[in-house]
Every structure is written in C-alpha cells, then in structure tokens.
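Engineer: Next up is a structure, given as structure tokens.
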Amino acid sequence: MSKEAIRFSTTPVLIAFSEASQSRDTYGGGVSNVILQGMHMRRPDATKDTVLVFMHPTATLDTLPLPRELARRGVPVLTCGSRYPHNDSALIMEKVLVDLGQYIKYAREKLGYKRVVLAGWSGGASLSVFYQAQAESPNITATPSGDPVDLSGLPPADAIMQMAAHSARARIMTESMDASILNELNPDERDPALDLYNEQNGPKPPYSADFVSAYRAAQMARNRKITAWVRETLDRLARTGGPDQERCFVTHGTMADPRWLDPSVDANERPPGQCYLGVPAVVNNGPIGLARFATLRSWLSQWSIDESRANTELQGPQVTVPAIVIANAADDCCPPSHTETIFTSLAGPKELHTISGANHYYIGQREQLQTALDLSISWLLKTGMLDGLPDDT
C-alpha cells in the first residue's frame with residue numbers, strides 16, 4: 001500500500017445541544033446552549049465497527065502522539081473536547097459526563113460505529129471510569145453543590161482503557177498541594193518545616209517516611225479547610241442572594257508533591273526535580289498550576305478530596321466491562337500508587353502493563369510509544385473489540 005493510502009483523515013466534529021440552566025459556566029452563547037468540538041481521525045481502509053473515544057475534562061487530545069498513531073495504524077479515533085476546553089476554572093465533572101454521552105451517541109448514531117471503547121489518558125482516565133460507572137449503574141442526580149444533573153440514559157461503552165492515568169483529579173491535586181501554606185489569602189505565610197522550596201530552612205530530600213506521612217496529613221487538612229470555606233460561602237450566598245450565586249477564588253501552591261523532588265517516594269523511573277508541567281518550584285505558584293483558579297461549585301466537583309465523585313476508587317467497582325491499564329514507568333505525573341488504585345478498583349476482566357522508561361507524553365520516545373500502540377492493539381484484538389487492521393499494519 002502506498003504512503004499516500006495510509007494517511008488518515010481528520011474531520012472536525014461539532015455537537016450542539018440544549019439543557020435546562022439558569023446561568024452559564026462557560027463564555028458566550030445562550031444560557032441553555034452547549035457546543036462541543038471534537039475530531040474524528042480515521043484511515044479510509046480502517047474498520048467501521050469500532051472507535052476509540054478519547055476525552056479529557058479540559059484538554060483537547062487530537063495533537064497527542066498516541067491517538068494520532070492509533071489512527072495511523074488503522075484504529076478509528078474520536079477525540080472529544082468538553083464544554084470547558086483549556087479552562088477548568090468553572091468545570092463541573094458531572095456536566096462533562098453529559099458531554100461525553102453526547103459524543104458516544106454521535107459515534108454510534110451519526111458515525112455508525114457498533115463498538116465504542118473509552119480511551120482514558122491521564123486526566124481522562126478517571127473521567128472515563130466515572131462515566132462508565134454512571135452509564136452502567138446511575139446513582140447521581142445532583143452535583144456536590146446540590147445542583148440537579150440528569151445522568152440518566154448515558155450510553156455505556158463496550159470496554160475501557162486507562163493510559164498514563166491517575167485515579168482522580170482531586171487526589172493528584174491534593175497530593176501536590178503545598179502543605180506549608182498557612183493562610184489562603186497570603187501564601188507567603190508558611191510553615192518552614194513543611195516548605196519544600198525553602199532552600200535555607202526547609203526539609204531536604206530524601207524525605208523520611210514520618211515526614212511524608214505528616215506532609216500528606218497537612219495536605220489533606222488544607223484541602224478540607226478550603227472545602228469547609230467553600231461550603232460556608234455557598235450557604236451564605238444562597239441565604240443572602242439566592243441559590244445561583246457563585247464566587248471565584250485562587251488556590252496558591254499546588255505543585256509541591258515530595259515525589260517530584262525525591263524519586264524514592266512512590267518510586268518509579270522518573271527523574272528528580274521536574275514534573276509534567278515543568279520545574280515544580282516554578283509551577284507551584286505559577287498561573288498554570290492545578291486548581292489555581294476555581295469557582296465554589298467547581299472546587300466541590302473536581303478538587304475536593306471528600307466531595308468530588310470523579311474518583312476511580314469510588315466509581316471503579318461499578319465498571320464491569322473489559323479494561324486494560326497501561327502505566328508509564330518514568331511518568332512524572334501519574335505515580336505507581338495511582339496505577340495500583342485503578343487496577344484494584346475496576347470490577348471487570350482486566351490487564352495491567354508497565355512500559356519501561358516511558359514518560360507521561362512519550363516525548364522523544366518512539367520505542368515506548370510503539371510499545372503502547374502494540375499493547376493497546378493486541379488487547380483490542382484479543383478482547384474482540386477490534387476485528388482486524390488494514391493489511392499493511
């Protein structure tokens with residue numbers, strides 16, 4: 001087959017629908033209108049029976065190497081942007097489930113695919129588990145803030161993939177919170193005994209087990225302190241201004257995980273002194289840090305360690321379809337403890353694989369990317385999710 005013939009097409013997907021709403025949490029358009037933008041990637045000679053659906057709560061994934069290479073190998077891919085593209089400040093995880101359901105309906109009804117496999121990469125992994133759990137056994141009728149949400153009738157997928165995955169946005173963020181911050185309104189007020197970036201008086205790696213335990217406890221306490229303030233503020237606003245009142249706020253210091261400075265903590269092959277967003281000490285207070293900007297409702301839905309339901313440990317036992325978990329051994333975002341949580345939690349038939357040397361994005365890693373492709377395709381064929389590939393692959 002010629003080189004020209006094995007190119008895949010990229011076709012934009014636009015989905016529009018309406019839902020009952022009194023206010024918007026995204027910019028532009030009518031109050032009740034939701035617009036979703038995705039990308040359908042498919043070779044002309046690829047199967048028409050199965051599609052992999054990639055979705056992240058806020059990122060768009062059509063430029064990442066894994067979905068593009070899968071499409072090049074002959075596996076159709078649908079990458080899905082939520083209603084919150086590149087901005088999770090007001091993101092409600094339950095609403096993203098509604099968005100994902102729209103894509104799965106589109107894949108089956110408009111594109112004609114018989115089988116849909118949820119390909120959960122990174123932050124899309126816990127999203128896909130949350131979605132499949134509610135599609136198989138719906139039990140949520142409101143967001144954590146109490147706003148009604150209709151998750152009835154979500155079409156379930158046929159299988160699920162967990163790739164370079166963490167188990168929950170709330171957990172990975174809490175484990176990255178700067179435990180030294182004492183005053184949420186003034187991040188310069190810090191406990192030096194917990195300040196990982198205090199070069200003069202702060203703790204130095206390698207960290208003792210007792211220090212890590214105390215640090216984790218302080219991180220949990222900080223998350224719960226913010227959650228309590230969010231609850232109190234929502235209640236006060238509802239009393240004084242009505243039930244739809246909101247508030248925006250900043251959370252400082254959200255990239256101070258001891259793992260990024262001491263690779264012996266939750267050990268894997270990652271290098272010390274860096275994380276998936278750059279230099280941890282810079283990201284900790286920079287504008288792109290996790291949960292840096294949020295609304296009260298969004299905090300409860302995606303960042304609160306106790307309130308968020310987008311949690312694989314919580315939702316995984318309801319997921320009974322076949323699953324594969326692929327971990328990257330040098331991942332500087334998603335550590336081994338999260339992989340263990342994911343694999344243990346899923347209730348259906350499952351496989352676990354780890355790719356030696358692989359970083360989070362497979363940047364500069366053609367060999368590791370090829371391994372991820374081979375593992376994915378082999379599992380799809382073995383489980384009957386994929387009938388075959390074009391002859392040249």
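The values are calculated or read from the model by the stated rules, or taken from the named source; none is laboratory data. Nothing here was measured: the structure is a model prediction, and the numbers come from that model. Note that we place each Cβ from the backbone using ideal geometry, even for glycine, and neighbour counts take in every protein chain shown.
Engineer: Please specify each residue of segment 271-322 satisfying the condition of being among the charged types (D, E, K, R) and closer than 19 Å to V129 by Cβ.
Structural biologist: At the first step, the residues of segment 271-322 found to be among the charged types (D, E, K, R) are 292, 297, 306-307, 309, 313.
Answer for segment 271-322, where residues must be among the charged types (D, E, K, R) and closer than 19 Å to V129 by Cβ: D306, E307, R309, E313.
Engineer: Checking the structure you have, find out if any residue of segment 147-156 is on the phi > 0 side of the Ramachandran plot, assigned to a loop (DSSP other than H, G, I, E, B) and not charged (D, E, K, R).
Structural biologist: Within segment 147-156, the subset on the phi > 0 side of the Ramachandran plot is 153.
If we keep only those that are assigned to a loop (DSSP other than H, G, I, E, B) too, we end up with 153.
Still in the running and not charged (D, E, K, R): 153.
Yes, segment 147-156 contains a residue that is on the phi > 0 side of the Ramachandran plot, assigned to a loop (DSSP other than H, G, I, E, B) and not charged (D, E, K, R).
Engineer: Can you tell me which residue is surrounded by the fewest Cβ atoms within 10 Å (Cβ to Cβ) among those in segment 24-83 that are small (G, A, S) and modelled with pLDDT of 95 or more? Can you show your working first?
Structural biologist: Looking only at segment 24-83, we keep the residues that are small (G, A, S), and these are 28-30, 32, 38, 46, 59, 71, 74, 81-82.
Applying the additional criterion that residues be modelled with pLDDT of 95 or more yields 38, 46, 71, 74, 81-82.
Values: G38: 26, A46: 25, A71: 25, G74: 21, G81: 23, S82: 29.
For segment 24-83, the residue satisfying everything is G74.
Engineer: Further question on the same structure: Looking at segment 160-170, can you tell me whether even one residue there is within 22 Å of the chain's Cα centre (by Cα), part of a loop (DSSP other than H, G, I, E, B), farther than 30 Å from L380 by Cβ and aliphatic (A, V, I, L, M)? Give the steps one after another, and end with the answer.
Structural biologist: Filtering segment 160-170 for residues within 22 Å of the chain's Cα centre (by Cα) gives 160-170.
Filter once more, so that each one left must be part of a loop (DSSP other than H, G, I, E, B): 164-167.
Add one more test, that the residue is farther than 30 Å from L380 by Cβ, and what stays is none.
Checked segment 160-170: no residue is within 22 Å of the chain's Cα centre (by Cα), part of a loop (DSSP other than H, G, I, E, B), farther than 30 Å from L380 by Cβ and aliphatic (A, V, I, L, M).
Residue by residue, here is whether (1) charged (D, E, K, R); (2) in contact with a Phe, Trp or Tyr (Cβ under 6 Å, 6 or more places away or on another chain); (3) assigned by TED's automatic domain parsing to the domain that holds S89 holds:
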{"site": "S137", "(1), (2), (3)": "no, no, yes"}
{"site": "D147", "(1), (2), (3)": "yes, no, yes"}
{"site": "D158", "(1), (2), (3)": "yes, no, yes"}
{"site": "M177", "(1), (2), (3)": "no, no, no"}
{"site": "S180", "(1), (2), (3)": "no, no, no"}
{"site": "A193", "(1), (2), (3)": "no, no, no"}
{"site": "N198", "(1), (2), (3)": "no, no, no"}
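Engineer: Taking the residues in segment 175-207 that are more than 16 Å from A281 (Cα to Cα) and within 30 Å of the chain's Cα centre (by Cα) as candidates, determine which candidate is surrounded by the fewest Cβ atoms within 10 Å (Cβ to Cβ).
Structural biologist: Here the answer is L185.
Engineer: Something else about it: Answer yes or no as to whether V212 is under 20 Å from P263 (Cα atoms), at pLDDT 95 or above and surrounded by fewer than 24 Cβ atoms within 10 Å (Cβ to Cβ).
Structural biologist: Details: under 20 Å from P263 (Cα atoms): yes; at pLDDT 95 or above: yes; surrounded by fewer than 24 Cβ atoms within 10 Å (Cβ to Cβ): yes.
Judged against the criteria, V212 is a match.
Engineer: Can you go through A107, A135, A90, A119 and tell me which one is assigned to a helix (DSSP H, G or I), in contact (Cβ under 8 Å) with a residue 12 or more places away in the chain and within 18 Å of A310 (Cα to Cα)? Lay out the reasoning, then the answer.
Structural biologist: Numbers: A107 fails: within 18 Å of A310 (Cα to Cα); A90 fails: assigned to a helix (DSSP H, G or I); A119 fails: assigned to a helix (DSSP H, G or I).
A135 is the lone residue from the list that is assigned to a helix (DSSP H, G or I), in contact (Cβ under 8 Å) with a residue 12 or more places away in the chain and within 18 Å of A310 (Cα to Cα).
Engineer: Kindly indicate whether V265 is touching a strand residue (DSSP E or B) at 6+ places or on another chain (Cβ under 7 Å), farther than 22 Å from D147 by Cβ, modelled with pLDDT of 95 or more and not assigned by TED's automatic domain parsing to the domain that holds L91.
Structural biologist: Details: touching a strand residue (DSSP E or B) at 6+ places or on another chain (Cβ under 7 Å): no; farther than 22 Å from D147 by Cβ: yes; modelled with pLDDT of 95 or more: yes; not assigned by TED's automatic domain parsing to the domain that holds L91: yes.
So V265 fails the test.
Engineer: Report yes if W303 is free of Cβ contacts under 8 Å to residues at least 60 places away in the same chain and within 20 Å of I181 (Cα to Cα), otherwise no.
Structural biologist: Details: free of Cβ contacts under 8 Å to residues at least 60 places away in the same chain: no; within 20 Å of I181 (Cα to Cα): yes.
So W303 does not fit the description; no.
Results for (1) among the polar types (S, T, N, Q); (2) not assigned by TED's automatic domain parsing to the domain that holds A228, shown as yes or no for each residue.
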{"residue": "G242", "(1), (2)": "no, no"}
{"residue": "T254", "(1), (2)": "yes, no"}
{"residue": "L261", "(1), (2)": "no, no"}
{"residue": "D331", "(1), (2)": "no, yes"}
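Engineer: Picking from A281, A238, which residue would you name as being under 30 Å from A358 (Cα atoms), among the aliphatic types (A, V, I, L, M) and outside the structural domain of Y361 (by TED's automatic domain parsing)? Spell out how you get there, then give the answer.
Structural biologist: Details: A238 fails: under 30 Å from A358 (Cα atoms).
Step by step, each of A281, A238 is checked, and only A281 is under 30 Å from A358 (Cα atoms), among the aliphatic types (A, V, I, L, M) and outside the structural domain of Y361 (by TED's automatic domain parsing).
Engineer: I would also like to ask the following. Considering only segment 344-371, state which residues are modelled with pLDDT under 95 and hydrophobic (A, V, I, L, M, F, W, C).
Structural biologist: I363 - this is the single residue of segment 344-371 that is modelled with pLDDT under 95 and hydrophobic (A, V, I, L, M, F, W, C).
Engineer: Additional query: List every residue pair whose Cβ atoms sit under 6 Å apart, with the two residues 6 or more apart in sequence or on different chains, where the first one lies in segment 221-232 and is among the hydrophobic types (A, V, I, L, M, F, W, C) and the second, anywhere, is assigned to a helix (DSSP H, G or I).
Structural biologist: From segment 221-232, the pairs are V230/L296; V230/W299.
Engineer: For segment 329-344, which positions are crowded, with 22+ Cβ neighbours inside 10 Å and in a helix (DSSP H, G or I)?
Structural biologist: H338, T339, I342
Engineer: Which residue pairs have Cβ atoms closer than 6 Å, lie 6 or more positions apart in sequence or on different chains, and pair a first residue in segment 10-30 that is farther than 30 Å from P44 by Cα with a second residue that is modelled with pLDDT of 95 or more?
Structural biologist: D25/A90; T26/R83
Engineer: Please identify the pairs in which a residue from segment 261-273 that is without any contact (Cβ under 8 Å) to a residue 40 or more places away in the chain has its Cβ atom under 6 Å from the Cβ atom of a residue that is surrounded by fewer than 19 Cβ atoms within 10 Å (Cβ to Cβ), counting only partners at least 6 apart or on another chain.
Structural biologist: Matching pairs, first to second residue: P263/P272.
Engineer: Sticking with this structure for a sec: Six or more apart or on different chains, Cβ atoms under 9 Å: show the pairs whose first residue is in segment 55-79 and closer than 16 Å to L380 by Cα and outside the structural domain of L118 (by TED's automatic domain parsing) and whose second is of a type in the set (G, A, S) and surrounded by fewer than 21 Cβ atoms within 10 Å (Cβ to Cβ).
Structural biologist: As it stands, the answer is none, since no pair meets every condition given.
Engineer: Free of Cβ contacts under 8 Å to residues at least 60 places away in the same chain and under 20 Å from the mean Cα position of the chain (by Cα): which single residue out of T344, T295 fits that description?
Structural biologist: Details: T295 fails: free of Cβ contacts under 8 Å to residues at least 60 places away in the same chain.
Testing whether each residue is free of Cβ contacts under 8 Å to residues at least 60 places away in the same chain and under 20 Å from the mean Cα position of the chain (by Cα) leaves just T344.
Engineer: Looking at segment 106-133 only, could you name the residues that are of a type outside the set (G, A, S) and closer than 14 Å to V319 by Cα? Even if it seems obvious, please write down each step before you answer.
Structural biologist: Going through segment 106-133, the residues of a type outside the set (G, A, S) turn out to be 106, 108-111, 113-118, 121, 127, 129-132.
Passing the criteria: V117, L118, L127, V129, F130, Y131, Q132.
Engineer: Can I ask one more? Counting only residues that are surrounded by 16 or more Cβ atoms within 10 Å (Cβ to Cβ) and not β-branched (V, I, T), which one in segment 139-154 is nearest to P336 (Cα to Cα)?
Structural biologist: Restricting attention to segment 139-154, the residues satisfying the condition of being surrounded by 16 or more Cβ atoms within 10 Å (Cβ to Cβ) are 140, 143-145, 147, 149, 151, 154.
Applying the additional criterion that residues be not β-branched (V, I, T) yields 144-145, 147, 151, 154.
On the way: P144: 28, S145: 32, D147: 35, L151: 31, L154: 31 Å.
Here the residue is P144.
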